[in-house]
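This report refers to the structure that appears directly beneath it.
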There are 2 protein chains.
Amino acid sequence: MIKTGSIKKIRQLVADAKADGKKVGLVPTMGAFHEGHTNLIKKAAKSADFVVVSIFVNPTQFLPSEDYHLYPRDVKKDAKQAAELGVDVVFVPTAEKMYPKGFSSFVKIEEITDILEGEVRLSHFKGVTTIVAKLFNIVQPDTAYFGQKDAQQLAVVRKMAAELNFPVKIIACPTVRDEHGIALSSRHQYLSESQLKKARGIHAALQEGSKLIKSGILDFGQVRRRIYDVLNTYGIKRVDYVSFNQWDSLEPVRKPGGKVLISLAVRLGTTRLIDNIIMNFKQ
Amino acid sequence: MIKTGSIKKIRQLVADAKADGKKVGLVPTMGAFHEGHTNLIKKAAKSADFVVVSIFVNPTQFLPSEDYHLYPRDVKKDAKQAAELGVDVVFVPTAEKMYPKGFSSFVKIEEITDILEGEVRLSHFKGVTTIVAKLFNIVQPDTAYFGQKDAQQLAVVRKMAAELNFPVKIIACPTVRDEHGIALSSRHQYLSESQLKKARGIHAALQEGSKLIKSGILDFGQVRRRIYDVLNTYGIKRVDYVSFNQWDSLEPVRKPGGKVLISLAVRLGTTRLIDNIIMNFKQ
């Protein structure tokens with residue numbers, strides 16, 4: 001496995017692989033791997049011939065008030081894991097290389113980024129789509145892998161790729177959960193033991209909502225109230241939103257139909273956690 | 001020569017050409033070819049092995065008040081000329097194909113698009129960079145050709161390609177002028193004979209400014225006044241700006257140094273015309 005921060009080098013490696021007829025898969029990450037990441041990498045290793053994993057804590061997707069400097073970093077450990085999983089190249093650019101002085105070029109997906117996470121994290125998705133566009137242009141992959149846990153990010157990246165005609169197929173991978181149902185997140189490193197225990201309420205609440213709907217309760221207002229109740233039972237008091245949106249246009253929905261994304265964001269101390277489930281309704 | 005509006009088709013044609021080891025050149029145009037366009041195409045035909053010319057009057061780069069519907073269109077004539085010049089593919093997509101319902105993905109270069117043309121044509125460059133990014137992703141050219149007449153557009157596209165890491169080399173081509181020094185423009189079709197005569201004053205004024213500087217007048221305020229005087233002499237009364245900017249960062253400059261872009265925009269009736277020259281100063 002090759003580890004490089006050079007754009008020129010990575011382009012050469014990918015060009016060589018393509019010349020050999022290989023299909024290139026990209027897994028964009030911010031590092032601090034957990035099983036969610038390794039799962040994406042395994043999927044890439046299965047479906048692509050040449051796997052590039054980028055590790056880059058992207059400053060433009062953090063608000064000034066957020067945890068950019070605190071965000072966990074362990075490139076050495078990540079690279080070791082990547083090598084074990086059969087990754088061909090780990091791309092670890094510096095922030096200065098990705099955003100040179102005077103940088104002012106951005107990719108922005110409008111409207112769909114104004115809701116849910118975008119409502120709280122104002123310029124977050126502009127940073128995400130800009131770095132993903134840059135990585136697509138640097139690596140020129142055939143496929144790119146994104147986790148379903150960041151459902152809105154997945155929808156936004158899909159919309160970007162389709163509307164700006166990036167020649168990249170976006171592949172979604174299911175959320176990986178621990179034995180208590182908690183969706184794995186690098187930000188769990190911020191949580192105390194008692195907060196981690198409370199976090200179990202997130203998936204429990206989503207499951208309760210889903211159960212309610214399956215039992216025939218089709219009033220989303222009622223379902224939302226029940227989800228809040230479960231969160232409260234687990235000691236989660238600060239809820240940013242519990243939302244029902246069409247998948248994957250993210251149009252708000254009031255009544256079941258098609259694929260519905262039920263997503264939420266809560267705060268435990270200074271840590272913000274998100275999770276979601278997607279439910280299929282017969283049309 | 002193949003003429004197509006299909007993204008899938010053009011991707012296949014380009015993939016085949018690349019598999020044959022050919023270098024692909026793209027000339028993005030809005031059609032209504034004049035010698036400025038044919039010059040770009042000739043340059044592409046010389047330096048690339050496989051030439052794609054796109055003809056697309058791009059709605060997102062026109063303000064609602066502008067001439068999108070009036071803009072001259074003659075795809076048949078353009079395609080005939082392209083064929084004669086050895087173009088391999090003419091890409092003529094529809095607006096519906098390029099901007100499907102719900103489209104909301106944009107590429108925006110900030111700051112450098114707020115001045116000069118961007119000050120008057122507010123969302124113009126956002127439309128330009130969005131369509132150019134789309135065309136780059138559809139055609140995936142090795143080189144792309146842009147005219148020096150639209151100097152700010154050239155600077156903006158270069159900045160976009162560099163900062164978003166598009167694997168495309170931007171090639172600038174000199175402005176083509178008629179026997180009276182008028183920079184060729186598809187919008188000349190809007191002008192009356194007497195307006196066309198007045199338009200001769202644009203290049204005359206830029207040349208007078210350049211002459212003044214060469215004679216040792218290094219005060220750009222004074223040079224600007226002389227340029228206004230010449231424009232007036234030719235009957236051009238409405239001047240949007242006469243500006244001195246560093247090439248190609250477009251930082252405003254007050255004193256000669258490096259490469260300086262002298263650019264202007266004037267109005268003749270309802271038609272807006274732009275032109276520029278670049279002067280080299282020893283550092």
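The values are calculated or read from the model by the stated rules, or taken from the named source; none is laboratory data. Since the structure is predicted, the reported quantities are computational estimates derived from the model, not experimental observations. Cβ: placed from backbone, ideal geometry, glycine included. Neighbour counts: every protein chain shown. Just so you know, the surface numbers come from the protein's heavy atoms only, side chains and all, with ligands and any DNA or RNA stripped out. Shrake-Rupley method; radii C 1.70, N 1.55, O 1.52, S 1.80 Å.
Segment B:186-281 gives an Rg/Rh value of 0.99, both radii derived from C-alpha positions and Rh following Kirkwood.
The local environment of A:Thr271, defined by Cβ-Cβ distances under 10 Å, has a net charge of +2 under the rule Lys, Arg +1 and Asp, Glu -1. Expressed as a whole percent, the proportion of Cα-Cα pairs in segment B:39-118 lying more than 19 Å apart is 56%. Across chain B, Cα pairs under 8 Å and at least six residues apart give a relative contact order of 16 percent. Basic side chains Lys and Arg get +1 at the Cβ, acidic Asp and Glu get -1 at the Cβ, and with that the dipole of chain B about its Cα centre reaches some 160 debye.
Each residue of segment B:92-102 is assigned a 3J(HN,Hα), and the resulting list reads 10, x, 8, 5, 5, 6, 7, 10, x, 3, x Hz, derived from the Karplus form 6.51 cos²θ - 1.76 cosθ + 1.60 (θ = phi - 60°), x at Gly and Pro. For the protein assembly as shown, the direction-averaged projected area of the alpha-carbon convex hull comes to 29.3 nm².
Taking chain B as a Gaussian network of alpha-carbon nodes connected by springs under 10 Å, the highest mean-square fluctuation of the residues B:Leu116, B:Leu264, B:Leu218 belongs to B:Leu218. Under a point spin-label approximation (7 Å from Cα along Cα-to-Cβ), what is the B:Glu119-B:Leu70 distance to one decimal in nm? Result for the modelled spin labels: 2.4 nm. Among B:Gly257, B:Gly102, B:Gly209, the largest mean-square fluctuation in a Gaussian network model of chain B (Cα springs under 10 Å) belongs to B:Gly102. Cross-link partners of B:Lys197 among aspartates and glutamates, defined as those whose alpha carbon lies under 14 angstrom from its own and excluding same-chain residues fewer than eight positions apart: B:Asp178, B:Glu179.
Shielding of peptide B:126-135 by partners, expressed as the average count of other chain Cβ atoms within 10 Å per residue Cβ, is 2. Please report the spacing between the Cα centers of segment B:250-283 and segment A:75-110 in Å, no decimals. Taking the Cα centre of segment A:75-110 as reference, the centre of segment B:250-283 is 38 Å away. The Kirkwood radius of segment B:81-165, taken over pairs of alpha-carbon atoms, gives through the Stokes-Einstein law at 37 °C and 0.692 mPa s a diffusion coefficient of 228 µm² s⁻¹. When the charge dipole of the protein assembly as shown is built from unit charges on Cβ atoms (+1 for Lys and Arg, -1 for Asp and Glu) and taken about the Cα centre, the candidate among B:Gly31, A:Tyr228, A:Ala48 whose Cα reaches farthest toward its positive end is A:Ala48. Taken residue by residue and averaged, Cβ atoms of other chains lying within 10 Å of the Cβ of B:12-18 number 0. Computed on the Cα atoms alone, the convex hull of segment B:69-112 gives a volume of 167 cubic angstrom per residue.
Computed with every protein chain present, the accessible area of B:Ser65 is close to 100 Å² [probe 1.4 Å].
Dividing the mean sequence gap of close Cα pairs (under 8 Å, 6+ apart) by how many residues segment A:1-106 holds gives a relative contact order of 38 percent. Counted by Cβ distance under 11 Å from B:Asp178, the other residues give a net charge of 0, where Lys and Arg count +1 and Asp and Glu count -1. Between the listed residues A:Val157, A:Thr143, A:Gly216, the Cα displaced farthest toward the positive end of the dipole of the protein assembly as shown, a dipole computed from Cβ unit charges relative to the Cα centre, is found at A:Thr143. What the Cα convex hull of segment B:1-89 gives, in volume per residue, is 99 Å³. Ordered by solvent-accessible area of protein heavy atoms (1.4 Å probe), largest first, the residues A:Arg187, B:Arg11 come out as B:Arg11, A:Arg187. What's the local net charge at A:Lys9, with K and R +1, D and E -1, over the other residues with C-beta under 12 Å away? Neighbour charge sum, excluding A:Lys9 itself: +3. Here segment A:197-257 is treated with +1 on each Lys and Arg Cβ and -1 on each Asp and Glu Cβ, and its dipole about the Cα centre works out to around 320 debye. From the Kirkwood radius over Cα pairs of segment B:2-173, Stokes-Einstein at 10 °C and 1.306 mPa s returns a whole-number translational diffusion coefficient of 97 µm²/s. Of the residues B:Asp16, B:Asp275, ranked by 1.4 Å probe accessible area with the largest first, the sequence reads B:Asp16, B:Asp275. Alpha-carbon geometry of segment A:124-226: the Rg and the Dmax are 17.5, 49 Å, given in that order.
Helices assigned as whole DSSP H runs in chain B whose Cα atoms extend at least 15 Å along their own long axis and whose mean Kyte-Doolittle hydropathy is 0.5 or higher are found at B:124-139.
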